[in-house]
Amino acid sequence: MIIRYEEVESTNQTAKGSQIGTVVIAKRQTSGYGKYGREFYSPEGGLYMSMVLPLDKTPAVIVMTTAVAVCSAIENICKKTVGIKWVNDIVLNNKKVGGILIETYEQTAIVGIGLNVFTQKFPNDLPHIGSIGVEDVRDALAAEIIDNMAKKENPYNEYKSRMILMGEEVRVREGKDDYEAIIKDLDEQGRLIIEKIDGTETKLVAGEVCSVTL
Ligand code: BTN
């Protein structure tokens, strides 16, 4: 069942407790949030949706499945080529145009997706955020994403091939640590394999990477 709202605090919050298969879509969010509870700027012009799915895979695999579903929907509907910045950012021309947030709630996965579809203006303190820059295709995008999610193929190869920054030097933020490393690979569980400056290899389960040149 798809439930549509003009405005909610957060579609992820609204979706919690709904039955599996429910999709909550809103045109605006007043308290949208992303990883680490950070605010997700959610004005008119974006697609904000949350799907309630069974928790039958790890959150990392669900993120990979969702990211490839979102990228291919954007390419089909908007005719723009987008990439994935590990782990959950959708990137177009070096700007983040969307994000994914998976939360577990009771025995379900709440799969939240936020995409800046035709958002016109962003606050000055968000210079790395952008818009896909198309007309209002939110309904078509949502339908295509839901369709793609249902196809349930192993997302690993496609996720990896869409990753930006592979082989590049990056800044890693892991908890309180902040250091430089090179991205070497991604394993099938969605862990990022990096090489630190001292030559040691580590697998990141969570954390954030960004280009040192940006
Ligand atoms: C991130 O960039 O860290 C993830 C952002 C996820 C935002 C989406 S918008 C729909 C859903 N509702 C929320 O409050 N968050 C997610």
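The values are calculated or read from the model by the stated rules, or taken from the named source; none is laboratory data. Predicted model, so just to flag it, every value in this text is computed and none were measured. Glycine gets a Cβ as well: all are built from the backbone with ideal geometry, and neighbour counts include every protein chain shown. Remember, those area values only see protein heavy atoms, side chains included, never the ligands or the DNA or RNA. Shrake-Rupley method; radii C 1.70, N 1.55, O 1.52, S 1.80 Å.
Contact map, region 109-129: residues that are in contact (Cβ under 8 Å) with a residue 24 or more places away in the chain and open to solvent by less than 50 Å² (accessible area, probe 1.4 Å) paired with residues that are in a loop (DSSP other than H, G, I, E, B) and of a type in the set (Lys, Arg), Cβ distance under 9 Å, separation 6+ or inter-chain. Pairs shown: Ala109/Lys57; Ile110/Lys16.
Restricting attention to region 109-143, the residues that are of a type in the set (A, V, I, L, M), in a loop (DSSP other than H, G, I, E, B) and within 14 Å of the ligand (Cβ to nearest atom) add up to 2.
Considering region 1-40, and only residues there that are assigned to a loop (DSSP other than H, G, I, E, B) and either of a type in the set (D, E, K, R) or open to solvent by 70 Å² or more (accessible area, probe 1.4 Å) (or both), the residue that is nearest to the ligand (Cβ to nearest atom) turns out to be Arg38.
Selection of region 99-108 for residues being open to solvent by less than 50 Å² (accessible area, probe 1.4 Å) and of a type in the set (D, E, K, R) yields only Glu103.
Considering Glu135, Glu158, the condition of being modelled with pLDDT of 95 or more and surrounded by 13 or more Cβ atoms within 10 Å (Cβ to Cβ) is satisfied by Glu158 alone. Any idea which residue in region 60-89 is nearest to Leu186 (Cα to Cα), counting only those that are open to solvent by 20 Å² or more (accessible area, probe 1.4 Å) and touching a helix residue (DSSP H, G or I) at 6+ places or on another chain (Cβ under 7 Å)? Here the residue is Val87.
Taking every residue in region 13-39 that is over 15 Å from Gly98 (Cβ atoms) and pairing it with any residue that is within 10 Å of the ligand (Cβ to nearest atom) and charged (D, E, K, R), at least 6 positions away or on another chain, the pairs with Cβ-Cβ distances below 9 Å are Lys16/Glu103; Thr30/Glu9; Ser31/Glu9; Ser31/Glu39; Tyr36/Glu208.
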